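Here, each number is a calculation from the coordinates, and none is a lab measurement. Remember, predicted model here, so these are calculated numbers, not experimental data. Note that each Cβ is placed from the backbone with ideal geometry, even for glycine, and that neighbours are counted across all protein chains shown.
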Amino acid sequence: MTRLLEGRVAIVTGAGRGIGRAHALELARHGAKVVVNDYGVSINGEKGDSPADEVVAEIKALGGEAVTNGADVADFDQAAAMVQQAIEVFGGLDILVNNAGFVRDRMLINTSEEEWDAVIRVHLKGHFAPLKHAGTYWRNEAKAGRQRVARVINTSSGAGLQGSLGQTTYSAAKAGIAAMTLVASVEMSRYGVTVNAIAPVAKTRMTEGAFDTSAMALPEDNSPIVAWLASEEAGDVTGRVIEIDGSQICLEQGWTHGPKADADKRWETENVGPALRDLIAQAPSPEPIYGA
């Protein structure tokens, strides 16, 4: 196996199980030193035991280096301390893989305020807080003349890109992550940081209750793409969202400008309908949401 990440320092959030665990192990196999973060929650966000120590033990058994971190990544101070742990233990930080999350699937009208807040918090704020603190470190390093070859890999979802029936909150959070990725990729480029996102498909705790997972890919099928995006080789790839489904990778195109009409003056209400229908006729039909 190539050692694409030899000596590089990585944080992987939500790395105790599933896709995050697979990412942590793959990065370690390629030589990265890994902070294995896992808060230890159930599929619906209830606190429990964290398996992060087991992942650290697996990495060490491979001959790698890893430490456990139990931060709630959506807690601003805990996210800052997690970044600081990587710096203090391993001497710096080069790679941030934002992966932590859980689901509370409901149809929109059945979703409670608490469920909405919890899912938006862990996914959206749980991406923002680590990225904010890692980004601050990378900016300071660049200003001090020690610019690092830094990489961020966020975790969106097909639910956030195309929508998913019964997952309004989760879809909204994952769509927000995709947009955050686009903006951060531009803002952080001056500090030597690339920011991309993946939309993984895999048989995990999050999918087993919602879909028929019998033909789904395995969590580890997503991790080689993450490992490459985390490497120094990937410096020319940023601001991209990549859907992964087993052996298939798909470069998502996202929102783009389509057909347009210009009235050359303020629109009259009665003219909007015919104009908009004409534009819709010119445009391709949207992809159906998952589960529709």
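Within the set of other residues whose C-beta is less than 13 Å from the C-beta of Val195, count the net charge using Lys and Arg as +1 and Asp and Glu as -1. Let's see the in-between values first.
Working: positive: Lys132, Arg151, Arg190, Arg240; negative: Glu187.
So the surrounding residues net to +3.
Suppose R0 equals 41 Å. What FRET efficiency, 1/(1 + (r/R0)^6) with r the Cβ-Cβ distance, do Glu114 and Asp245 give to the nearest 0.05? Mind dumping the intermediate values first?
Numbers: r = 32 Å, r/R0 = 0.79.
In this case the efficiency is close to 0.80.
Give me the distance between the Cα centres of region 1-25 and region 250-292, rounded to whole Å.
41
Compute the signed sum of charges (Lys and Arg +1, Asp and Glu -1) over the other residues within less than 10 Å, Cβ to Cβ, of Gly64. If you can, show how the numbers build up before the last one.
Values: positive: Arg29, Lys33, Lys60; negative: Glu58, Glu65.
Residues near Gly64 contribute +1 overall.
Kindly put His127, His133 in sequence by how many other C-beta atoms sit within 10 Å of each C-beta, fewest to most.
Numbers: His127 31, His133 21.
Sorted ascending by nearby Cβ count, the order is His133, His127.
In which sequence would Asp262, Asp94, Asp221 go, from the one with the fewest C-beta neighbours within 10 Å to the one with the most?
Taking fewest neighbouring Cβ atoms as first place, the list is Asp262, Asp221, Asp94.
If you wrap the chain's Cα atoms in a convex hull and average its projection over all directions, what's the area in nm²?
The Cα convex hull of the chain, projected and averaged over all directions, gives 18.2 nm².
Greater than 30 Å separation of Cα atoms is the criterion. Which listed pairs, Lys174/Lys260; Lys174/Lys265; Lys60/Lys174, meet it? Walk me through the intermediate numbers first.
Values: Lys174/Lys260 28 Å; Lys174/Lys265 37 Å; Lys60/Lys174 33 Å.
Exceeds cut-off: Lys174/Lys265; Lys60/Lys174.
Could you pull out which residues in region 243-258 have an amide N less than 19 Å from a spot 7 Å beyond the Cα of Ala275, following the Cα-Cβ vector?
257-258
Please report the equivalent ellipsoid semi-axes of region 61-105, computed as sqrt(5 x eigenvalue) of the Cα gyration tensor, largest first, in whole Å.
Values: eigenvalues 97, 47, 17 Å².
Here the semi-axes work out to 22, 15, 9 Å.
Please name whichever of Ala81, Gly135, Gln147 sits farthest to the positive end of the charge dipole of region 1-152, dipole taken about the Cα centre and charges placed at Cβ: Lys and Arg +1, Asp and Glu -1.
In region 1-152, that residue is Gln147.
By how many nm would the segment from Glu232 to Asp77 lengthen if fully extended, with 0.36 nm per residue of separation less the alpha-carbon distance?
Fully extending the segment from Glu232 to Asp77 adds 52.9 nm.
For the chain, what is the relative contact order in percent, using Cα pairs closer than 8 Å and at least 6 residues apart in sequence?
Working: 586 pairs, mean separation 48.9, N = 292.
Reported as a whole number, the value is 17 percent.
Subtracting the Cα-Cα distance from 0.36 nm times the residue separation, let me have the gained length for Arg3 to Glu268 in nm, one decimal. Could you put the intermediate results ahead of the total?
Working: separation 265, 0.36 × 265 = 95.40 nm, distance 6.26 nm.
Additional length available on full extension: 89.1 nm.
If you take every residue apart from Ala142 with its C-beta less than 9 Å away from the C-beta of Ala142, what net charge results, scoring Lys and Arg +1 and Asp and Glu -1?
Numbers: positive: Arg139, Lys143, Arg146, Arg148, Arg190; negative: Glu141.
Counting the neighbours of Ala142, the net charge comes to +4.
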